[in-house]
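Structure, as structure tokens:
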Amino acid sequence: EGARVAALLGGEAAPAAPATAAPAATPAGAATSSAAAAAAAAPVTPEARLGGDVVPTAERLSLRLDPSVTDYSGTAEITLEVRQPTRSFRFHAEAMDLGAISLQRGDSDEKIAVEAVPTIDDLVEVTTSAPLAPGRYRLRIDFHNDFGTRTAGLYRAVVDGKGYLFTDFETVDAREAFPCFDEPNFKIPWRIELTIPKGLVAAANNPVESTRPAETGWQTVTFAETPPLPSYLVAFTVGTFDVVEIPGTSIPSRILTVAGQGKNAAMASAETAPLLAALERWFGQRYPFAKLDFVAVPEYGSGAMENPGLITYLDRILLTPPEGPSVAARTRFVDVTAHELAHMWFGDLVTMRWWDDLWLNEGFADWLGPKIVDEVHPELGVGNENIASIQTTLSSDARPSAPAVRRPVPRAKDVFSNVDLTYAKGRAVLGMVEQWLTPEVFQRGVQAYVAAHAGGNAAAADLWQALEKASGKDVAAVMGSFLDQPGFPLLSFEVVDAERGIVEVTQRRFVAVGSQASPESWQVPVVLLWSDGKSAARRTPVLVSAASQRIELGGPVAWLFPNAGGQGYYRWSLAAPALAELASHAGERLSVRERIALLGNVAGLLDGGAIGGDEYLRALAASADDPDPDVIETVIEGLDRVRLAFVSDAVRSDFAGYVRRTLRPALARFGELPRAGEPPTVSLLRPQLLTWLGDDGRDEAVRALGARLAREYLQRPAAVDPGLVASALELAALDGDAALFDTYRQRFEAATSSEERNRFLGALSHFTRPELAERALAYTLTGPLRPQELRTVALAMAGHDAGRERVWRWVQANWTALAQRLPPDRIASLTRFAGGCSAERLAQGRTFFAAPVRRTTAIDAQVARVADQVAECVALREREGSKAAAFLASAR
């Protein structure tokens, strides 16, 4: 669940066809041709699949697990169905010692002679002396293995001197833990039996069926057989856990934490039941498994994982520090939990057949989660954030290297190479289609899909069929046009007859100026918001399916907004006067979500060459007067875009003045410190305002406030609002010395909660003295950091050009150590540090990541995306940088 959780933790004048603007010069090393990138990519050999002649029908795992040691042993007993006569079959087992392997037919005791040999792709091939006739067989495999250390497979973590065991098997890490048929289409019941030291707690997908004494000092815990599950959803854990009950759910529910952390689970315990109940109502059925445990994992490569009955979380999502949860922490928990619980039906009860439909599992949960949170906690504004995220996704999807969401997945280990787009575009397109079909019809179609495929596997086409039956509309054509090809359209609207309400719309593929991409066409569900200027605005849905078509609205049109509700997955343009007039009246005509979408679309027009850098800066400043904090947050996202593309050292002082003029009025409206009864969205915005004003805005008063709050927190943590602590520590670090650095480091090492660890580790990245910045990066590899913490300092430091260059040097110098310690699926993310707005750094990155010792298909894919991002940024700086600099200088 890395993409969404990363975001939680931690895109005027409008020419009709901006996509055809003259391309800007492309700097050396920043070529954006997707064809060139594809030609240079490492060849991909499809992984060997298991086939259907011999398939599993059940598996029993018997494991002897002691978290105080580094290895374990076990036995896998797999019931097989031979469907075609054969002398060989294969199963998965990666990097483990296999002992005795036996095969018996049916319930007989007669053993069939077998020979087992490891082959490619973590496969073991079993060959028999004589052909196996169709029927049922029992395969037994004894094995021995080491626990993992990089948060994948079955791995061990040590906290306060005590060992704990956790599992994380998505995508293909179950094979690292035990022999199995490790493909999602093999969905079978599992019986898990764990022999563990007495006094430890064990949990798995299903409830405990029995506990019996083993040899002295040991006990055997047997869990009830699961419903059919693919291997990647099997889960279990062992350790000295605190156990906290979750009241009010329809099934037994608990939270498991490492020893001593149970006291920090109160917020999660209280918030879970309403979310689960809302999801049960939405799906029209009870939670589909026997029990529900949440496990707070201190070392975890992802944010959370939807194991049925045993959802694992990075502990700082699930737990709150002793002083209580901030609004941000509460929002983070409910958002992630709604996502994971949505998977219980969509992904677990109904599972994808192969990894090419991972986008559907994740996109759906990412779409439904905020919808459920909006129902339970409308005050948090999570749905507004969802609208803002569409704009970020559009910016990424406009680049030539962007892949289709639904595409062949020849190797399952590479499925997460474009995880951010996989989640986010799927979520956005589902939201657009729901609005087109209406929420009631969409919900009815999903409920029918889940009922039809419960307990089994399905593909995207099955969902489209259910939605088409519920709606009578060609859903497959719409979804295919957005998911089976990359990119999205630019829709250009022109009111050709205002009195009769006739609008002409044309579509073409949107690309940033200077980029090239193949032309495509789309079936685009659009909802137009329009008014005759006298009566209330009306909404008209329409399907834009041709390169050019006319729409008759049925009445005079005084103004038109082409994205009612803000859910559209497209860019749009209006004639310059119409856009200017709409923007000037946005506050009275458009909802908060529509104003967020409007501002995001303006950013897209900048990318497409439709407006200049000066016009974009003017639009951001004007939108900062908006009374809604979620719109101001979108303004801040725009400032981040401006900083990357336009803010060199020469204009940094002018940019600081612009930041102060733009954001200071908002801080004055909302207040520097929390006020009783203020909306939660204000509490979420305030830390961002303070950080931007103190850092990029160089606001001395804000820096002084941050330093004061940091001193108070260091002396008495309860004295500072939890939502302001991280910002205060970061602001104090900006002018901090070596003594403050050492204080932060010591407090990080002594922290009693993961939230507190994260606060101090993140603050270490904000020291601006070069020698302290270097110390912070060095500490990443020398300090007692957990695997998921290894990128924290680097990611935060890379927000500015100087920091990005420092981090890039550090990544090159420490690549081997980072690659050995990071979770395996996070290694390719290091390519981002070659990005930014420097063609020279990108050229270095291309050379560095092309070395055979580092090159993988996932790294190739990420380098192509980084190259597109850099080329886009450099072209934008060359095209609009002088205008932006002049505007910043003139507005002092």
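The values are calculated or read from the model by the stated rules, or taken from the named source; none is laboratory data. Every value quoted in this text rests on a predicted model; they were computed, and no experiment measured them. A quick note on method: Cβ atoms are made from the backbone with ideal geometry, for glycine too, and the neighbour counts reach across all protein chains shown. Areas reflect the complete protein model, heavy atoms only, side chains present, ligands, DNA and RNA absent. Shrake-Rupley method; radii C 1.70, N 1.55, O 1.52, S 1.80 Å.
Taking Arg212 as the residue in question, decide whether it is under 29 Å from Pro325 (Cβ atoms), at pLDDT 95 or above, basic (Lys, Arg) and not in a helix (DSSP H, G or I). I'd like the intermediate steps shown before the answer.
Working: under 29 Å from Pro325 (Cβ atoms): no; at pLDDT 95 or above: yes; basic (Lys, Arg): yes; not in a helix (DSSP H, G or I): yes.
When the stated conditions are applied, Arg212 does not pass them.
Could you list all residues from segment 689-704 that are farther than 21 Å from Ala802 by Cα and either among the acidic types (Asp, Glu) or crowded, with 21+ Cβ neighbours inside 10 Å (or both)? Working first, answer last.
Step one: filter segment 689-704 for residues farther than 21 Å from Ala802 by Cα, giving 689-690, 700-702, 704.
Across segment 689-704, the qualifying residues are Leu689, Leu690, Glu700, Val702.
Tell me which of these Ser890 doesn't satisfy, since it passes every other one: (1) open to solvent by 10 Å² or more (accessible area, probe 1.4 Å); (2) closer than 25 Å to Ala794 by Cα.
(2) is the only condition that Ser890 fails.
With the structure loaded, tell me whether Phe760 is of a type in the set (Phe, Trp, Tyr) and over 18 Å from Glu323 (Cβ atoms) or whether it fails that test.
On the way: of a type in the set (Phe, Trp, Tyr): yes; over 18 Å from Glu323 (Cβ atoms): no.
So Phe760 fails the test.
Residues in segment 463-484 that are open to solvent by 30 Å² or more (accessible area, probe 1.4 Å) and either under 24 Å from Thr422 (Cα atoms) or among the hydroxyl-bearing types (Ser, Thr, Tyr) (or both): how many?
Residues flagged as open to solvent by 30 Å² or more (accessible area, probe 1.4 Å) and either under 24 Å from Thr422 (Cα atoms) or among the hydroxyl-bearing types (Ser, Thr, Tyr) (or both) within segment 463-484 amount to 7.
Please find, among Leu380, Leu368, the residue that is modelled with pLDDT of 95 or more and within 12 Å of Arg427 (Cα to Cα). Explain how you work it out, then say what you get.
Values: Leu380 fails: within 12 Å of Arg427 (Cα to Cα).
Selected residue: Leu368, the only one of Leu380, Leu368 that is modelled with pLDDT of 95 or more and within 12 Å of Arg427 (Cα to Cα).
Scan (1) part of a helix (DSSP H, G or I); (2) in contact with a Lys or Arg (Cβ under 7 Å, 6 or more places away or on another chain) for the single condition Val635 breaks and write down its number.
(2)
When segment 328-348 is examined, which residues are found to be crowded, with 23+ Cβ neighbours inside 10 Å and aliphatic (A, V, I, L, M)?
Selection gives Val334, Val336, Ala338, Leu341, Ala342, Met344.
Answer with yes or no whether Asp142 is in contact with a strand residue (DSSP E or B) (Cβ under 9 Å, 6 or more places away or on another chain), surrounded by fewer than 22 Cβ atoms within 10 Å (Cβ to Cβ), under 20 Å from Thr75 (Cα atoms) and of a type in the set (D, E, K, R). Explain how you work it out, then say what you get.
On the way: in contact with a strand residue (DSSP E or B) (Cβ under 9 Å, 6 or more places away or on another chain): yes; surrounded by fewer than 22 Cβ atoms within 10 Å (Cβ to Cβ): yes; under 20 Å from Thr75 (Cα atoms): yes; of a type in the set (D, E, K, R): yes.
So Asp142 fits the description; yes.
Do we have any residue at all in segment 261-279 that's surrounded by fewer than 22 Cβ atoms within 10 Å (Cβ to Cβ), more than 25 Å from Ala454 (Cα to Cα), in contact with a strand residue (DSSP E or B) (Cβ under 9 Å, 6 or more places away or on another chain) and of a type in the set (A, V, I, L, M)?
yes
Looking at segment 790-814 only, could you name the residues that are open to solvent by 20 Å² or more (accessible area, probe 1.4 Å), farther than 20 Å from Asp649 by Cα and not hydroxyl-bearing (Ser, Thr, Tyr)? Walk me through how you get there before you give the answer.
Here is the first cut: in segment 790-814, the residues open to solvent by 20 Å² or more (accessible area, probe 1.4 Å) are 791-792, 795-796, 799-802, 804-806, 809-810, 812-814.
Now restrict to residues that are farther than 20 Å from Asp649 by Cα: 791-792, 795, 810, 812-814.
Within segment 790-814, Arg791, Leu795, Trp810, Gln812, Ala813, Asn814 meet the criteria.
Out of segment 613-638, which residues are within 21 Å of Ser838 (Cα to Cα) and either touching an Asp or Glu at 6+ places or on another chain (Cβ under 7 Å) or surrounded by fewer than 22 Cβ atoms within 10 Å (Cβ to Cβ) (or both)? Before you say what the answer is, go through the steps one by one.
The first filter runs over segment 613-638 and keeps only residues within 21 Å of Ser838 (Cα to Cα), leaving 613, 637-638.
Scanning segment 613-638 gives Gly613, Glu637.
Can you confirm whether segment 128-145 contains a residue that is of a type in the set (S, T, N, Q) and more than 35 Å from the chain's Cα centre (by Cα)?
Our first condition is that a residue be of a type in the set (S, T, N, Q); within segment 128-145, this holds for 128-129, 145.
Among the residues that remain, those that are also more than 35 Å from the chain's Cα centre (by Cα) are: 128-129.
Yes, that holds for at least one residue.
Taking segment 92-119 only, how many residues are touching an Asp or Glu at 6+ places or on another chain (Cβ under 8 Å) and hydrophobic (A, V, I, L, M, F, W, C)?
8
Kindly indicate whether Ala558 is hydrophobic (A, V, I, L, M, F, W, C), surrounded by fewer than 18 Cβ atoms within 10 Å (Cβ to Cβ) and in contact with an Asp or Glu (Cβ under 8 Å, 6 or more places away or on another chain). Please lay out each step first, then the result.
Values: hydrophobic (A, V, I, L, M, F, W, C): yes; surrounded by fewer than 18 Cβ atoms within 10 Å (Cβ to Cβ): yes; in contact with an Asp or Glu (Cβ under 8 Å, 6 or more places away or on another chain): yes.
Yes; evaluated as a whole, the condition is true for this residue.
What residue, of Ser754, Ser683, Ser727, is among the small types (Gly, Ala, Ser), at pLDDT below 95 and under 31 Å from the mean Cα position of the chain (by Cα)? Reasoning before the result, please.
Working: Ser683 fails: at pLDDT below 95; Ser727 fails: at pLDDT below 95.
Criteria check complete, one pass: Ser754.
Report the residue count in segment 833-864 for those that are within 21 Å of Arg411 (Cβ to Cβ) and of a type in the set (A, V, I, L, M, F, W, C). Please lay out each step first, then the result.
Kept after step one, since they are within 21 Å of Arg411 (Cβ to Cβ), are these residues of segment 833-864: 849-864.
In the following step, the residues that additionally are of a type in the set (A, V, I, L, M, F, W, C) were identified as 849-851, 853, 858-859, 861, 863-864.
So the answer is 9.
Any residue at all in segment 491-508 that's surrounded by fewer than 21 Cβ atoms within 10 Å (Cβ to Cβ) and on the phi > 0 side of the Ramachandran plot?
yes
Given the criterion touching a Leu at 6+ places or on another chain (Cβ under 8 Å) and assigned to a loop (DSSP other than H, G, I, E, B), identify the matching residue among Leu785, Leu830. Reasoning before the result, please.
Working: Leu830 fails: assigned to a loop (DSSP other than H, G, I, E, B).
None of the others qualify; the one that does is Leu785.
Just one of Pro184, Pro207 is touching a Lys or Arg at 6+ places or on another chain (Cβ under 9 Å) and either under 25 Å from Asn418 (Cβ atoms) or crowded, with 24+ Cβ neighbours inside 10 Å (or both); which is it? If you could, list the steps in order and put the result at the bottom.
On the way: Pro207 fails: either under 25 Å from Asn418 (Cβ atoms) or crowded, with 24+ Cβ neighbours inside 10 Å (or both).
From the options Pro184, Pro207, the qualifying one is Pro184.
Can Ala861 be described as buried (at least 24 other Cβ atoms within 10 Å of the Cβ), assigned to a helix (DSSP H, G or I) and not charged (D, E, K, R)?
For Ala861, the condition - buried (at least 24 other Cβ atoms within 10 Å of the Cβ), assigned to a helix (DSSP H, G or I) and not charged (D, E, K, R) - is not met.
Got a sec? Which of Ala214, Ala130 is closer than 23 Å to Ile78 by Cα, of a type in the set (Gly, Ala, Ser) and surrounded by fewer than 23 Cβ atoms within 10 Å (Cβ to Cβ)?
Details: Ala214 fails: closer than 23 Å to Ile78 by Cα.
Going through Ala214, Ala130 in turn, the sole match is Ala130.
Looking only at segment 106-117, which residues are modelled with pLDDT of 95 or more and open to solvent by 60 Å² or more (accessible area, probe 1.4 Å)?
Glu115, Val117, listed by residue number.
Considering segment 521-544 alone, what residues qualify as being surrounded by 15 or more Cβ atoms within 10 Å (Cβ to Cβ), within 31 Å of the chain's Cα centre (by Cα) and either of a type outside the set (A, V, I, L, M) or part of a loop (DSSP other than H, G, I, E, B) (or both)?
Residues satisfying the conditions are Ser521, Trp522, Gln523, Pro525.
Considering each residue of segment 443-458, count those that are open to solvent by 20 Å² or more (accessible area, probe 1.4 Å) and of a type in the set (A, V, I, L, M), and give that number.
Residues flagged as open to solvent by 20 Å² or more (accessible area, probe 1.4 Å) and of a type in the set (A, V, I, L, M) within segment 443-458 amount to 4.
Say whether the condition of being touching a Ser or Thr at 6+ places or on another chain (Cβ under 6 Å), outside any helix (DSSP H, G or I), of a type outside the set (Asp, Glu) and open to solvent by 40 Å² or more (accessible area, probe 1.4 Å) is met by at least one residue in segment 578-600.
Going through segment 578-600, the residues touching a Ser or Thr at 6+ places or on another chain (Cβ under 6 Å) turn out to be 596, 599.
Right, trim to outside any helix (DSSP H, G or I) and you get none.
No, there is no match, as no residue in segment 578-600 is touching a Ser or Thr at 6+ places or on another chain (Cβ under 6 Å), outside any helix (DSSP H, G or I), of a type outside the set (Asp, Glu) and open to solvent by 40 Å² or more (accessible area, probe 1.4 Å).
Out of segment 256-303, which residues are of a type in the set (Gly, Ala, Ser), in a loop (DSSP other than H, G, I, E, B), under 18 Å from Val201 (Cα atoms) and under 24 Å from the mean Cα position of the chain (by Cα)? Step through it out loud before you land on a result.
Residues of segment 256-303 of a type in the set (Gly, Ala, Ser): 259-260, 262, 265-266, 268-270, 273, 277-278, 284, 290, 296, 301-303.
Then drop every residue that is not in a loop (DSSP other than H, G, I, E, B), which leaves 259-260, 265, 284, 290, 301-303.
Going one step further and asking which of them are under 18 Å from Val201 (Cα atoms), we end up with 259-260, 265.
The answer is Ala265, and nothing else.
Taking the condition of being in a strand (DSSP E or B) and small (Gly, Ala, Ser), how many residues in segment 41-93 meet it? Can you show your working first?
Going through segment 41-93, the residues in a strand (DSSP E or B) turn out to be 54-64, 71-82, 86-92.
If we keep only those that are small (Gly, Ala, Ser) as well, we get 58, 62, 73-74, 76, 88.
So the answer is 6.
Within segment 244-260, track down each residue that is farther than 23 Å from Val327 by Cα, in contact with a helix residue (DSSP H, G or I) (Cβ under 7 Å, 6 or more places away or on another chain) and surrounded by 18 or more Cβ atoms within 10 Å (Cβ to Cβ).
Those that are farther than 23 Å from Val327 by Cα, in contact with a helix residue (DSSP H, G or I) (Cβ under 7 Å, 6 or more places away or on another chain) and surrounded by 18 or more Cβ atoms within 10 Å (Cβ to Cβ): Thr249, Ser253.
Return the residue satisfying two criteria in turn: it lies in segment 304-341 and is among the small types (Gly, Ala, Ser) and within 15 Å of the chain's Cα centre (by Cα), and of such residues it is nearest to Asp168 (Cα to Cα).
Applying the first criterion (among the small types (Gly, Ala, Ser)) to segment 304-341 yields 304, 309, 324, 326, 328-329, 338.
Imposing the further condition that a residue be within 15 Å of the chain's Cα centre (by Cα) reduces the set to 304, 338.
On the way: Ala304: 10, Ala338: 20 Å.
Looking at residues that are among the small types (Gly, Ala, Ser) and within 15 Å of the chain's Cα centre (by Cα), I get Ala304.
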